[in-house]
Amino acid sequence: MGQPAETEGPTKSDGYYNPTTNREIYQKISSDYQEIASLTNVISDGEPLPAAEIWLLYEAGPHTRLGNQSRTLRSFAAGTTPGRYFPDAAEFYGSATFLDSPIQNAVRQRGEAAEYTDAQRRQAINKGILRVLYHWSKFYMIIGGEFMRSGLVDEAWAVYVGEEVDGEYPNSLAALARSREGNFGREGTLDVPLREAMERARQAADAGDEAAYAAAERDVYSRFNAIFYLATVRYIGVAQDDVANGEDPGTHQVEALAFYQSIQPEVAKADPAADETIIAYLTAAPDQVTAASRDAALAALNRAAEALLLEQSDLVASY
């Protein structure tokens, strides 16, 4: 039995989105993520990654157990939903568990993560969970349109913003969006527009307006993709900065790769050569991480802008 719900009635509005149902349990998913992220921070003090504790939180997170309900991170990532609702990604990665497997491999240090350092495993785990949250929120947008039910959009929003802390939403994808806005001086271009688009979708669902829902849904996906586009661009650049400073780029290459995987199927479908160029850079030996290869990776990613529903103002032209 989980803990009792803390609130009754509709979940509190964030000032942009106005839920009409109580989706507290979905907001709490972000708290399991934050607790996992905190556990991974011990490597900064020279301690080993606490794999067993991380796995327990991922598989049976305590925050997402309210009454008889449970919404653990792994229940979504390893379930049937990702393969069913994201068939292109499942086909591209050759597995219906394309969300769960990278996290499991990083925790257990096997597969592609067999030779990862703890710092690299940390990035693969934390960014892999953000990828789960993204797909989870997007899933509710998809079925919200299928059934034209605003309560499902409430769930998409709740997963996206996470739990409120003193009027802010610092624990989930909304916080990631704000961070990327700050990195690139793009304040006000990701997080608020995404929440506003979700609100338009909610209203369209209530009105039974399928065309309006589809337009709002597209805007949501555009902002989602812009978040992961900018995250990928940022760490493509940081990896080359590492080399220029005489440091190993491996950790930031893994970080960029883990962010990129949220948009990789779309990029690869639109431009396979672009994907190959990006992956070559993100898996290159340090002596191959150069300003020229960095710029080639950026140019390749920008070629997929239309497929990612990006606006021209989203693009980063150069470092």
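The values are calculated or read from the model by the stated rules, or taken from the named source; none is laboratory data. It should be emphasised that the depicted structure is a prediction, and the values quoted were computed from it without experimental measurement. Reconstructed Cβ throughout: ideal geometry from the backbone, glycine too, with neighbour counts over all protein chains shown.
Yes/no matrix, rows are residues, columns are (1) buried (at least 22 other Cβ atoms within 10 Å of the Cβ); (2) at pLDDT below 95; (3) part of a helix (DSSP H, G or I):
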position: Ser101; (1), (2), (3): no, no, yes
position: Glu115; (1), (2), (3): no, no, no
position: Lys127; (1), (2), (3): yes, no, yes
position: Trp136; (1), (2), (3): yes, no, yes
position: Tyr140; (1), (2), (3): yes, no, yes
position: Gly144; (1), (2), (3): yes, no, yes
position: Val159; (1), (2), (3): yes, no, yes
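Inside segment 75-97, can you point out the residues that are small (Gly, Ala, Ser) and assigned to a loop (DSSP other than H, G, I, E, B)?
Listed by number, the residues that qualify are Ala78, Gly79, Gly94, Ser95, Ala96.
Determine which member of the set Ala204, Ala231, Ala226 is touching a residue at least 12 places away in the same chain (Cβ under 8 Å), in a helix (DSSP H, G or I) and over 30 Å from Ser318 (Cα atoms).
Values: Ala231 fails: over 30 Å from Ser318 (Cα atoms); Ala226 fails: over 30 Å from Ser318 (Cα atoms).
Every option except Ala204 fails the conditions.
On the basis of being modelled with pLDDT under 90 and not hydroxyl-bearing (Ser, Thr, Tyr), does Asn41 make the cut?
no
Looking at (1) on the phi > 0 side of the Ramachandran plot; (2) at pLDDT below 95, which is the only condition Glu164 fails?
(1)
Is it the case that Val192 is in contact (Cβ under 8 Å) with a residue 12 or more places away in the chain and buried (at least 21 other Cβ atoms within 10 Å of the Cβ)?
Spelling it out, it is not the case that Val192 is in contact (Cβ under 8 Å) with a residue 12 or more places away in the chain and buried (at least 21 other Cβ atoms within 10 Å of the Cβ).
Taking segment 234-265, which residues are of a type in the set (Val, Ile, Thr), in a helix (DSSP H, G or I) and either more than 12 Å from Gln123 (Cβ to Cβ) or free of Cβ contacts under 8 Å to residues at least 60 places away in the same chain (or both)?
Here is the first cut: in segment 234-265, the ones of a type in the set (Val, Ile, Thr) are 236, 238, 243, 251, 254, 263.
Then keep just the ones that are in a helix (DSSP H, G or I); that gives 236, 238, 243, 251, 254.
Hits for segment 234-265 are Ile236, Val238, Val243.
Return yes when Ala304 is modelled with pLDDT of 95 or more, in a loop (DSSP other than H, G, I, E, B) and surrounded by 19 or more Cβ atoms within 10 Å (Cβ to Cβ) and no when it is not.
Criteria met by Ala304.
Checking the condition part of a helix (DSSP H, G or I), over 21 Å from the mean Cα position of the chain (by Cα) and of a type outside the set (Phe, Trp, Tyr), which residue from Ala212, Ala268 passes?
Ala212
Among the numbered criteria (1) among the polar types (S, T, N, Q); (2) more than 22 Å from Val316 (Cβ to Cβ); (3) not in a loop (DSSP other than H, G, I, E, B), which single criterion is violated by Asn171?
(3)
Quick one: is Glu255 in contact with a Lys or Arg (Cβ under 9 Å, 6 or more places away or on another chain) and surrounded by 24 or more Cβ atoms within 10 Å (Cβ to Cβ)? Working first, answer last.
Working: in contact with a Lys or Arg (Cβ under 9 Å, 6 or more places away or on another chain): yes; surrounded by 24 or more Cβ atoms within 10 Å (Cβ to Cβ): yes.
Judged against the criteria, Glu255 is a match.
I'd like the full set of residues that are under 18 Å from the mean Cα position of the chain (by Cα) and not in a helix (DSSP H, G or I), limited to segment 21-58.
Lys28
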